[in-house]
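As C-alpha cells, the structure follows; a few thoughts come after it.
The values are calculated or read from the model by the stated rules, or taken from the named source; none is laboratory data. Owing to the predicted nature of the structure, the values given are computational and were not obtained by experimental measurement. Reconstructed Cβ throughout: ideal geometry from the backbone, glycine too, with neighbour counts over all protein chains shown. Just the protein is used for accessible areas: all its heavy atoms, side chains included, with ligands, DNA and RNA removed. Shrake-Rupley method; radii C 1.70, N 1.55, O 1.52, S 1.80 Å.
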Amino acid sequence: NSMDFVFVYQQNQLEDEIMYPLNVPYLFKQGAHLIKKGLQIKPGVDIAFESESGIAIVDEGYLEAEGTLSDSIMFRGLEPDPGYWGGLLFTSESPRNKVHFAHISDASSRVNFSGFERGGIIIGSYASVSIKHTEISNGSQYGIFCFTWAQFSAFEQNRIRGQGAFPIIINPIQV
C-alpha cells in the first residue's frame with residue numbers, strides 16, 4: 001500500500017488474535033472493532049486509530065495488552081488531536097482483561113459505543129480490567145470512565161493527564 005500501516009478493518013472479527021510488533025503501526029479503520037474472543041497485544045506494538053474508531057471488548061472476549069517497562073504498547077490517534085478516536089471499551093467480565101505498560105493518547109471521541117460515555121478507557125457495569133503502569137493523555141473528555149459496579153482487578157502506578165474533563169470518573173462505592 002502507499003501508506004506505511006497494516007490496516008485493520010471493522011469487518012475483520014478479532015477472534016483469538018495476536019498482534020506482534022512490526023516495523024509499521026497497525027491502523028484501525030473507522031468504526032467500533034469488536035473483540036468477542038480474545039486479542040493479545042505484545043510489547044512494542046504501535047496501534048493508530050482513524051477518527052471515530054475504537055475497540056470494544058464484549059461478551060466472553062478479552063484484551064491482553066501487556067507491554068514492558070522498556071517496550072510499551074502505544075494506542076494513539078492517527079492525528080494527535082484530543083478526542084480523535086474512541087478509546088477502549090470493556091463490557092467483558094473476563095479476568096484476562098489487562099492494559100499494562102501502555103500509552104493511550106488522543107482518545108475519547110463519540111465513536112458509536114451506544115449508551116456509553118467517552119474516555120480513553122471505559123469500563124462498563126460488572127466489567128473487570130487490570131490497569132498497571134499505563135499513561136492516558138491528550139483526551140477530550142475522561143481518562144477513565146467507570147460505570148457503577150465496574151471492577152479493577154488491579155490499578156497500579158498509572159498516570160492520567162491532559163483530559164478535557166476529569167482524569168477519572170468512578171463511583172465512591174468502588175473505592
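Express in Å², to the nearest 10, the accessible area of VAL6 obtained by rolling a 1.4 Å probe over the protein heavy atoms while all chains stay in place.
Surface open to solvent at VAL6 totals about 60 Å².
How big is region 41-104 along each principal axis, measuring the range of its Cα positions in Å and listing the largest first?
Its Cα atoms span 32, 29, 13 Å along the three principal axes.
Quick one: grab Rg to one decimal and Dmax as a whole number for region 69-175, Cα atoms only, in Å.
Cα radius of gyration and Dmax of region 69-175 are 12.6, 37 Å respectively.
Expected output is a single nm value to one decimal: the length gained when fully extending between TYR126 and GLU52, i.e. 0.36 nm times separation in residues minus the C-alpha distance. What is it?
Using 0.36 nm per residue and subtracting the Cα-Cα distance, I get 24.1 nm.
Test of understanding: what is the full-extension gain from PHE166 to GLU60, defined as 0.36 nm times their sequence separation minus their Cα-Cα distance?
Result for the pair: 35.2 nm of gain on full extension.
Before anything else, pin down the relative contact order of region 1-102: Cα pairs under 8 Å, at least 6 apart, normalised by residue count, whole percent.
The normalised contact order for region 1-102 reaches 25 percent.
Per residue Cα convex hull volume for region 117-175, in cubic angstrom?
In region 117-175, the Cα convex hull volume per residue is 67 Å³.
Using a Gaussian network for the chain with springs between C-alpha atoms less than 10 Å apart, which of these wobbles most: GLY44, GLY86, GLY120?
GLY44
Using a 1.4 angstrom probe and counting only protein chains, how large is the accessible area of TYR26 in Å², to 10?
20 Å²
Measure off 7 Å from each Cα along the Cα-to-Cβ vector at ALA154 and LEU22, then give the distance between these two points in nanometres to one decimal.
Label at ALA154, label at LEU22, 2.9 nm between them.
In what sequence, largest accessible area first, do LYS37, LYS42 appear using a 1.4 Å probe?
Final ranking, largest accessible area leading: LYS37, LYS42.
Enumerate the whole-percent occupancy of each 5 Å bin, from 0 to the last occupied one, for all C-alpha pair distances of region 1-88.
Reading the bins upward from 0: 3, 15, 24, 28, 21, 8, 1, 0.
Gaussian network model of the chain, Cα springs within a sub-10 Å range: biggest mean-square fluctuation belongs to which of PHE75, PHE155, PHE90?
Most flexible of the set in this elastic network: PHE155.
Leaving ligands and nucleic acids out of the surface, order SER53, SER125 by accessible area at 1.4 Å, largest first.
Result, largest first: SER125, SER53.
Skip the ligands, DNA and RNA, and give the accessible area per residue of the chain with a 1.4 Å probe, whole Å².
47 Å²
Could you report the accessible area of TRP149 in Å², rounded to 10, computed with a 1.4 Å probe on the protein chains as they sit in the structure?
Surface open to solvent at TRP149 totals about 130 Å².
Under 19 Å Cα to Cα from LYS37, which aspartates and glutamates show up? Leave out anything in the same chain fewer than 8 places away.
Partners within reach: GLU15, ASP16, GLU17, ASP59, GLU60, GLU64, GLU66, GLU93.
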